[in-house]
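Everything below concerns the one structure shown next.
The values are calculated or read from the model by the stated rules, or taken from the named source; none is laboratory data. All values derive from a computational prediction rather than experimental measurement. All Cβ positions, glycine included, derive from the backbone under ideal geometry; neighbour counts span all protein chains shown. What goes into the accessible areas is simple: the full protein's heavy atoms, side chains included, and nothing from ligands, DNA or RNA. Shrake-Rupley method; radii C 1.70, N 1.55, O 1.52, S 1.80 Å.
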Amino acid sequence: METKNLTRRQALQGVALLGTTLLLPTPELQANLLSSGKTPPLTAGEMAAIDSALGKKGSYKESEAVYTTPLPRNDLKMKMKGEPIPIPFGFGGWVSFKKTENGKSAMVMSDTVLLQEEVNPMISAAQANGLEIAAIHNHFFYEEPRIFFMHIHGMGTVAELAQKYSATIRDSKLFPANQAAPSSSSNNTGKENFDIPALDAIVKYSGVVNGPTYKYTIGRSDLKVMAMGVEMTTNIGLNSWASFAGKQDDAHIAGDIAMLQSEVNSVIKTLRQHNLEIVAVHNHMLGDDPHMIFLHYYGRGNAATLAQGFRSALNILGKKPEKEMGGMKM
């Protein structure tokens, strides 16, 4: 078994616990200390309850203790500026479940893909089932039909939340049983469409092939963001991403940058310098600390050039502010 070094904070917590743990065997005591502040895992029974409620099997990210079920809108035929665009480019919703750090409750967080006429019926369904709306916004320009994205969240037990969320989307096209099978207009995947080693070298991360697209999803490991007792991590929505569609020399890029408020305008500036369009700037979550802002962007051109623009935005994140505005450090 790998031995981990205790931090000073964990050691101090250990001293405070000694009065009740002196009788514990040493390995058990150390395990107790190392797990302090970590999110309790979902149980097999809780994951089965999610699968049963949604009628679809999700996937578990053990390192984040997050369970996610994808909810793609395969029923839609999307175009941008009249050109067909695959659903995996950015029209796939999701729902994730994660416990609070104290294990006493859990959160459901979802990003739902909706036609304009579906937005308000979904609001009513969510509120009728005891869930809340955290954000409603666009992610794209030029798309046909017009699409909006709604973030739905709630707190409770995992099983309760799975039932509430299932009831919320049951009469919509989001519900897995109501979804069409994925359509494939091309035999080529992202592996054939793009020079993946070249893109990875620019972005300095590895992406994932999803049908004809290639996508990067990158968390904020430099931050600890909490919302309602839950640590917000990559697979529950705290991430920057870039998705590529088309082909290497004629690609579309769309994505999202997760920023602190002090990073917003620096990111906007560098994206515009790389000829990427700013599509939206908004929140995704409520009650998050520190408060995170999300920026959506779009571009068209050579995939390597577009990747350089995405990398330029990542380079801004986590840097110390260089100037002051209005007496406040920015």
Completion exercise
Counted residues in region 135-158 being over 23 Å from P40 (Cα atoms), open to solvent by less than 50 Å² (accessible area, probe 1.4 Å), among the hydrophobic types (A, V, I, L, M, F, W, C) and not in a strand (DSSP E or B) come to 1
Handout entry: Residue check for I152: under 18 Å from the mean Cα position of the chain (by Cα) and among the hydrophobic types (A, V, I, L, M, F, W, C)
Key = yes
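In the list G318, G237, G301, which residue meets the criterion of being under 20 Å from D111 (Cβ atoms) and either touching an Asp or Glu at 6+ places or on another chain (Cβ under 8 Å) or open to solvent by 40 Å² or more (accessible area, probe 1.4 Å) (or both)?
G237
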Completion exercise
Filtering region 47-71 down to residues that are within 25 Å of E118 (Cα to Cα) and either at pLDDT below 95 or hydrophobic (A, V, I, L, M, F, W, C) (or both) yields I50, A53, L54, L71
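Determine whether region 281-289 contains at least one residue that is farther than 27 Å from M226 by Cα, in contact (Cβ under 8 Å) with a residue 12 or more places away in the chain and crowded, with 17+ Cβ neighbours inside 10 Å. Steps first, answer last, please.
Here is the first cut: in region 281-289, the ones farther than 27 Å from M226 by Cα are none.
No; the residues of region 281-289 include none that is farther than 27 Å from M226 by Cα, in contact (Cβ under 8 Å) with a residue 12 or more places away in the chain and crowded, with 17+ Cβ neighbours inside 10 Å.
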Fill in the blank from the handout: Here the residues within region 35-49 that are among the charged types (D, E, K, R) and either touching a His at 6+ places or on another chain (Cβ under 6 Å) or part of a helix (DSSP H, G or I) (or both) are E46
Exercise for the section: Answer with yes or no whether G92 is at pLDDT below 95 and either crowded, with 22+ Cβ neighbours inside 10 Å or under 25 Å from A227 (Cα atoms) (or both). Expected result: yes
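Taking region 166-195, which residues are among the small types (G, A, S), assigned to a helix (DSSP H, G or I) and loosely packed, with under 13 Cβ neighbours inside 10 Å? Spell out the reasoning first.
First pass over region 166-195, keeping only residues among the small types (G, A, S): 166-167, 172, 177, 180-181, 183-186, 190.
In the following step, the residues that additionally are assigned to a helix (DSSP H, G or I) were identified as 166-167, 177, 190.
Answer for region 166-195, where residues must be among the small types (G, A, S), assigned to a helix (DSSP H, G or I) and loosely packed, with under 13 Cβ neighbours inside 10 Å: just A177.
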Exercise for the section: Would you mention how many residues in region 219-259 are without any contact (Cβ under 8 Å) to a residue 24 or more places away in the chain and touching a Gly at 6+ places or on another chain (Cβ under 7 Å)? Expected result: 1
Handout entry: Within region 196-230, tally of residues that are open to solvent by 50 Å² or more (accessible area, probe 1.4 Å) and either charged (D, E, K, R) or under 18 Å from A307 (Cβ atoms) (or both)
Key = 12
Problem - Candidate set: region 69-89, residues that are of a type outside the set (A, V, I, L, M) and open to solvent by less than 20 Å² (accessible area, probe 1.4 Å); chosen: the one farthest from the chain's Cα centre (by Cα) - result: R73
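Let's see how each residue does on (1) within 25 Å of H282 (Cα to Cα); (2) modelled with pLDDT of 95 or more; (3) of a type in the set (A, V, I, L, M):
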| site | (1), (2), (3) |
| --- | --- |
| Q30 | no, no, no |
| G45 | no, yes, no |
| T100 | yes, yes, no |
| G103 | no, yes, no |
| V108 | yes, yes, yes |
| A128 | no, yes, yes |
| I136 | yes, yes, yes |
| E143 | yes, yes, no |
| R146 | yes, yes, no |
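Does A49 qualify as being in contact with a helix residue (DSSP H, G or I) (Cβ under 7 Å, 6 or more places away or on another chain) and either acidic (D, E) or surrounded by 14 or more Cβ atoms within 10 Å (Cβ to Cβ) (or both)?
On the way: in contact with a helix residue (DSSP H, G or I) (Cβ under 7 Å, 6 or more places away or on another chain): yes; either acidic (D, E) or surrounded by 14 or more Cβ atoms within 10 Å (Cβ to Cβ) (or both): yes.
Yes, satisfied.
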Practice task
Report yes if S243 is polar (S, T, N, Q), in a loop (DSSP other than H, G, I, E, B) and either open to solvent by 30 Å² or more (accessible area, probe 1.4 Å) or at pLDDT 95 or above (or both), otherwise no.
Solution key: no
